[in-house]
Structure formats: C-alpha cells, structure tokens
Amino acid sequence: MCGIVGAIAQRPVTEILIEGLKRLEYRGYDSAGVALLDADKTIKRVRALGKVAELEKKLIESPQIGNIGISHTRWATHGEPAERNAHPHMSNDRVAVVHNGIIENYEELRAGLIENGYTFESETDTEVIVHLIESNLANSKNVLDAVKKTTRQLKGAYALGVISTDNPDELICAREGSPLLVGVGFGEHFISSDVQALLPVTSRFIYLENGDIATLTLKDVIIEDENGNIVEREVRQSNACSLESELGDYRHYMLKEIYEQPQAVQKTLEDRLDINSIKQCIMGDNVAEILKQVEEVQIIACGTSYHAGLIARYWMESLTDIPCQVEVASEYRYRRQVPRKNMLFVTISQSGETADTLAALEKAKKDGCLASLSICNVAESSLQRESDFSLMTIAGPEIGVASTKAFTTQLVTLKLLIGLLMQAKGGQSEAVASLVEDLKKLPVLIEQALEHDKAIEVMAEHFIEKHNALFLGRGDQYPVAMEGALKLKEISYIHAEAYPAGELKHGPLALVDSEMPIVAVAPNTSLLEKLKSNLEEVRSRGGFLYLFADKTSGIAPQDNIQVIEMDEVPESIAPIIYTIPLQLLSYHVAVFKGTDVDKPRNLAKSVTVE
C-alpha cells in the first residue's frame, strides 16, 4: 500500500521523485504529492488527487526545484481520496512528512495536539506525526532528536520520510513494521518503499530493520537501531533491471505478465532440478535434516497466495502423506493455536511484506514451530529475512495489481518444496523423477495454453453485461476456480463466486439461470465424470456454461455450452495450466468493460497494513 520516494543530491531531485512514484503507482493511486526544500530553504509542496500524471501536470505548470525532497503515492486508509488527505503533510511550513502504515493511537495523539493549539487539515493519521515532530522540535537539539521522540509516542506501523527547514541538509527516515530501504549513490542518497522506484539512479541498497532511524546527507548514511546505537547495515547489490518493469508493446502490465509466465516458470526452475531429482541446496544448508523431522505443514497466505496454498494442500497430502493445513493469515494470527509437534510453517507472499502474513510468522515462531519457510518474489524482503529458510519465485517485477505470474511461480515453488519433502522422507525416487519430468514440461505447456488467447477474447464478450458469475472445479481445480473468480471480480468488478462442483445441490443451483454465466475447468482427471454430472445439473436448469476442457474429455459444444479445448497435460500440473485461460478471460472482460486493468479501484499491490 502506498509508495514513498525521497532523495538528497547535488542535483535537482524533482524528476527522480516523479519517476520513482510512477514506478510505485501500483502500490497506490488515489493521490500523489511532493515536498521540496528549495534554494531559500523553504518547503514547497505540490499535491494532486488521482494518479501521478496529475501531479506531474501541476509541476509542469508550476515547476519546483530542490536538491532534497520527499514524495508519496497514496492508497487511502484514513480519510477519503482527496487532495487535503494527500501526502506529504506539513506542520507550520517547518516540517514535511510522508508515511506508509497505520498509527493505531492517532486519535488519542490528535486530541492532545488539538489541545496544544494545532489545527488539522486532513482526516489522516499521518498529520498527527508531522505535528508531533514539529511540537517535539521545541525541546530537541535537532530534527533527528525530534523524530526519535515522536516514534516513541507512536503505536502501529510506519515508514517515514522527513524533511525540515531546521536541518535543511538532511533527509530523515524511520521504519517500524512497514518496508523502507535506502538507495546508496555517489554524493547522493535516496529512500523508497520498493527497489523498483530507485533502479534508474542506483543499484545499491540498504534494507532498514524495524526500529531503525537513518539520517541521509550528501556524504553519509548514518543508521541508529531501536536502542539508539549507530549500526552498520549491509549494502546489497541488486541484480534487478529497471527495464523489466517497462510496459513495452503490451497494452497493460497484466497482459504482459500473463505472457511472461513461460519465462518466469523457466527461471524459477533453473539450477534447481537434476535429471531425476530436486537439488537439496536450493533451501540452504542442512535443510534435509530439518525436512526429515517434518510431521505437519502449516501454510499461511492472503488472497491469490492463499489459493496457491490450497492447491498445494492437495499435492502435499497425496504425494507425501504429511498433513497440511492452509489458513488465511489475518485469521491465523488472532486464533489460539493448539501446539503441534514438528510443524513446518510456510508463508507465501508476492511482496514478502504482507502485514498479516508477517504477523502470523512472528506468532508461529513464538509458538515454537520446527522451522519457517518463506515463498516470495522479492529478495531481501521482510518475510525472507525473518524466516529460517526461503524459496524464491523468480517471477521478476509484477506491476499489475491482479497477480498472475507470481501465482504460477508460487505453485511451481510449492511443487519444489513437496519434492524436497519426498526426497527427505526417502523411498520415492520414481515419484520424484515423475514430478521433475512434469515440471520440465511446464514452460512449453503454458505457451500452448496462451495460444487460446483470441478464442478467450471472443468468449469474454459474453460477460460484458453480466453482473454475476459462478466458477466451478473439482479436487485441486476447485482452488483454481477460486482464483478465476477472484481475478474476474478484482479487475472487471463482476461479482463472482467459486464452488466445488459437487456442492451445487447444496445451495448454488438456486442461482442458476440464463443470466448467470457458469465457468468451469475440466482437465481429464479421475474426477472428470463426476464433474460432467455436475455440469449437466447446470445445463438442464438453463445455465450457460463456459468450459475449459481437455480435448479428450468428450465434452462437446451445445446450444448453451461453449467449450475451449485445452491440450492434454499431466494431471500433476494441470492446476498451473488451467489457471492461464482464467487469467486471460478476466483480462479481456475487464478490457471490454473499460475498467482500469492494472490499477483496479480500492485495491493496491502490496498490502503492508492490517
């Protein structure tokens, strides 16, 4: 949620800030703003409702120049999307602040500040922070000291960027529970909530830890930990390429990322497979000894990642005989857990910064799990750093809010984990070899699935005037149906639900009529005949079926059945392949309906607040 970019340099930083915000706009696009310290050491602030382009227009009409500045693109939490609620927030033209996160005690702090004579222009929790800093300056030796005093008053999560006329040659930042990093340059330094924002200006980064407060000047980056001790944090070289996040010839990032899936899957598998096995080293040293002890797996995730976990449960229990539980992170973290012996705690997150997932991990570690494993797409993310082991999905940057290639690479990575567990338990060499063989087929099979794009585009026209849709699947295809329904509702705003096809008689059949499109995935598996019976229940009641079916399934088009025939695929990887047409369907429906495909209303890419 939200994006922060800040800079201090010997050159004007306005263009750096705006370019950075554009690269972070997938994190928030309700409003945007910038604050600069100009040559007269005066803070100049410009804010705009809507996307970064609106802010850029204002800066073209009224240029602002400064060598130090902070900027922000917002996804609203406190206060409606409006210019008065846009960041940066200011106090008495003396301090400006940008903030990601949520301050839980802001109402109490706000009441105290009002009693002390402060006037509030916004409904945000962030304005409390900037007034507190300005208030604390009265009894502080400098801005850094005032920021320290302020953070001690805050309860909740924050990533802060602060500039002030009192110390015009410093950019202060602080982190607690919300991601923030420092970009290291030569005679210039930067802050951001995401590496992608700063790739055009630096490839060297310091990842701040919880409790860190950093002071950036032209020459130095000085970091103090939560105890006030000056600490050295490792400067890491990023291999990410700024061109990876360019749109290229594609109309939308979502479509680009759908088509990048063969390459993303290939990269996720590279150097991880032997001829008939999975390399043990991909999870680090001594992992085999840990995996031998695993008696239960707990998977925690949110949204699309949760659906990946649900699919993995089918795979895990059928291939390893290890019990596997899957739970939404926001529920797990607040539920009393029964102590379980030798549990592997697996967290899944595209960003590695999902607040609920991180909190669930912290809880599991306190409860004494055997080991924790993170599956995420961002190296050096909080989730990766806090876990005992990690398996990276090598999907590359994913800009579209609706996750596509991150989901399929999560499934591939979960397959790798299952293979490692099989190897650690021993005696399943043939089964592991079969799994490896199927994984190697994936890139080509995904490319074949993408060849149905034009036919799916034609199918999508039938959904333009619809307000509801029902998705069906059986076995490990049920979570695939759940993911398809989520994609459709996320970007086209059509209400969609998913059900196990066997549940139709227990309620959902009441919804079926000629106005309710029914989407089903039908690979040629052991449950195909059962699914056919369920589909006949729908057809006989006047429902119109849109099927993605194996070409050997024997399901033929009829008056109220439209079928796209899929190539034969191994049953073990069918959920990955059958995800592709559902992604394309939701994309084309959204395009036909004219919605903002990459930035759907009310949603943000990385959910870093509770």
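The values are calculated or read from the model by the stated rules, or taken from the named source; none is laboratory data. These numbers were taken from a predicted model, which means no experiment stands behind them. Don't worry about glycine lacking a Cβ; one is built from the backbone with ideal geometry, like all the others, and counts go over all protein chains shown.
Here the condition is being outside the structural domain of Val378 (by TED's automatic domain parsing), touching an Asp or Glu at 6+ places or on another chain (Cβ under 9 Å) and closer than 28 Å to Tyr259 by Cβ; of Ile491, Ile464, it holds for Ile491 alone. Screening Ile580 on (1) within 30 Å of Gly3 (Cα to Cα); (2) more than 33 Å from the chain's Cα centre (by Cα) shows it passes everything except condition (2).
Residue-level check: of (1) over 20 Å from Leu472 (Cβ atoms); (2) touching a Ser or Thr at 6+ places or on another chain (Cβ under 9 Å); (3) assigned to a helix (DSSP H, G or I), Pro600 misses just (3).
Would a scan of the stretch 354-364 turn up a residue that is more than 30 Å from Val182 (Cβ to Cβ) and in contact (Cβ under 8 Å) with a residue 40 or more places away in the chain? No, the conditions are met nowhere in the stretch 354-364. Just so you know, in the stretch 174-194 the residues that are of a type in the set (A, V, I, L, M, F, W, C) and surrounded by fewer than 24 Cβ atoms within 10 Å (Cβ to Cβ) include one that is modelled with the lowest pLDDT, and it is Phe186. Applying the criterion of at least 3 residues that are farther than 28 Å from Asn276 by Cβ and not β-branched (Val, Ile, Thr) to the helices (runs of 4 or more DSSP H) found wholly in the stretch 402-492 leaves 453-460, 478-492.
Count of the stretch 280-301 residues, restricted to those that are of a type in the set (D, E, K, R) and at pLDDT below 90, is 2.
Looking only at the stretch 26-44, filter to residues that are more than 13 Å from Val98 (Cα to Cα) and touching a strand residue (DSSP E or B) at 6+ places or on another chain (Cβ under 8 Å); which one of those is surrounded by the fewest Cβ atoms within 10 Å (Cβ to Cβ)? Residue satisfying both the conditions and the ranking: Asp38.
Among the residues making up the stretch 309-324, those that are part of a helix (DSSP H, G or I) and among the charged types (D, E, K, R) are Arg313, Glu317. Just one of the listed residues (Gln337, Gln350, Gln266) is within 26 Å of Ile446 (Cβ to Cβ) and either surrounded by fewer than 22 Cβ atoms within 10 Å (Cβ to Cβ) or assigned by TED's automatic domain parsing to the domain that holds Leu208 (or both), and it is Gln266.
To keep it simple, each residue is scored yes or no on (1) within 26 Å of the chain's Cα centre (by Cα); (2) farther than 23 Å from Cys324 by Cβ; (3) not aromatic (Phe, Trp, Tyr).
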| position | (1), (2), (3) |
| --- | --- |
| Gly419 | yes, no, yes |
| Gly427 | no, no, yes |
| Val432 | no, no, yes |
| Leu439 | yes, no, yes |
| Ile456 | no, yes, yes |
| Lys466 | no, yes, yes |
| Leu486 | yes, no, yes |
| Ser492 | yes, yes, yes |
| Pro500 | no, no, yes |
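If you go through the stretch 375-419 and keep only what is in contact with a Phe, Trp or Tyr (Cβ under 8 Å, 6 or more places away or on another chain) and modelled with pLDDT of 95 or more, you end up with Leu414, Lys415, Ile418. Listed by first and then second residue, the pairs with beta-carbon distance under 7 Å, at least 6 apart or on different chains, first residue in the stretch 276-288 and closer than 15 Å to Asp388 by Cβ, second in a loop (DSSP other than H, G, I, E, B), are Ile282/Arg272.
Filtered by the rule that a residue be over 30 Å from the mean Cα position of the chain (by Cα) and at pLDDT 95 or above, the stretch 121-147 gives His131, Leu132, Ile133, Glu134, Ser135, Asn136, Leu137, Asn142, Val143, Leu144, Asp145, Ala146. Filtering Arg11, Arg23, Arg47 for residues that are crowded, with 19+ Cβ neighbours inside 10 Å, charged (D, E, K, R), in contact (Cβ under 8 Å) with a residue 60 or more places away in the chain and on the phi < 0 side of the Ramachandran plot leaves a single hit, Arg23. Criterion first (at pLDDT 90 or above and not basic (Lys, Arg)) does Ala469 satisfy it? So Ala469 fits the description; yes. What do you reckon, is Tyr306 of a type in the set (Phe, Trp, Tyr), outside any strand (DSSP E or B) and either within 23 Å of the chain's Cα centre (by Cα) or buried (at least 24 other Cβ atoms within 10 Å of the Cβ) (or both)? Criteria met by Tyr306.
The criterion of being over 18 Å from Val147 (Cβ atoms) and either modelled with pLDDT of 95 or more or among the β-branched types (Val, Ile, Thr) (or both) holds for Ser71. When you look at Leu273, is it modelled with pLDDT of 95 or more and closer than 23 Å to Lys441 by Cα, yes or no? Taking the combined requirement at face value, the residue does not satisfy it.
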